[in-house]
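Written out below as structure tokens is the structure these notes cover.
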Amino acid sequence: MAIRKKVKGKAKARRKKTPVSKGARKKSVKKVKTSRKKAVKKAPLRPASRKKARPAKPAGKPRRISGRAPQAVTTAPSRPAKEASSEQRIGVVTHYFSHLSVAVIQLEAGATLRVGDVIHVWGHTTDFTQKVESLEVDHAPVAEVGPKDDFGLKVIEHTREHDVVFKVRS
């Protein structure tokens, strides 16, 4: 970067000021203030729509039209039904650490879990089965956890709070 040196003495040419009449001077232009937009009033909310008129229900007990007995309405289960003896509910996920892929699970009364057991985690958006490979209680690895224990379990998929944990019987 170049450095400029100050010139001393008469070497510097000075410009002389010439007198100018008041009429020839430029008049300063005043800045125009910009006004803010006025707040637009929102339209009033519409009243709730009236519900369509429904036909009046007939008084008394409804009668069968045909001579046949009414059939029971069956609904399809949301998940395939499994045998009650194949899985046992042992606990619930209370927290999930996504950066570690670790679920904190609280066991229910009368349930135990060991390293090597197969578990099934099921919830609203969760449904997977895995083998238990690591269990930790208070950051210490353990081989078995008992009822009413809170423990950390390394999982293979994302779990969420309130997911149910089942022990798969083999």
Matching residues, region 112-142, being open to solvent by less than 70 Å² (accessible area, probe 1.4 Å) and assigned to a loop (DSSP other than H, G, I, E, B): Thr112, Gly116, Asp117, Gly123, Thr126, Val132, Ser134
Test: residue in region 91-111 that is surrounded by 15 or more Cβ atoms within 10 Å (Cβ to Cβ) and over 29 Å from the mean Cα position of the chain (by Cα): yes
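Tell me whether region 144-152 contains one or more residues that are outside any strand (DSSP E or B), in contact (Cβ under 8 Å) with a residue 12 or more places away in the chain and either of a type in the set (Asp, Glu) or more than 16 Å from Leu107 (Cα to Cα) (or both). Walk me through how you get there before you give the answer.
Step one: list which residues in region 144-152 are outside any strand (DSSP E or B), which gives 146-149.
Cutting the leftovers down to in contact (Cβ under 8 Å) with a residue 12 or more places away in the chain gives us 146-149.
Add one more test, that the residue is either of a type in the set (Asp, Glu) or more than 16 Å from Leu107 (Cα to Cα) (or both), and what stays is 149.
Yes, region 144-152 contains a residue that is outside any strand (DSSP E or B), in contact (Cβ under 8 Å) with a residue 12 or more places away in the chain and either of a type in the set (Asp, Glu) or more than 16 Å from Leu107 (Cα to Cα) (or both).
The values are calculated or read from the model by the stated rules, or taken from the named source; none is laboratory data. Bear in mind the structure is a predicted one, so any value in this text is a computation, not a measurement. No Cβ is skipped: glycine too gets one built from the backbone with ideal geometry, and neighbour counts run over all protein chains shown. Remember, those area values only see protein heavy atoms, side chains included, never the ligands or the DNA or RNA. Shrake-Rupley method; radii C 1.70, N 1.55, O 1.52, S 1.80 Å.
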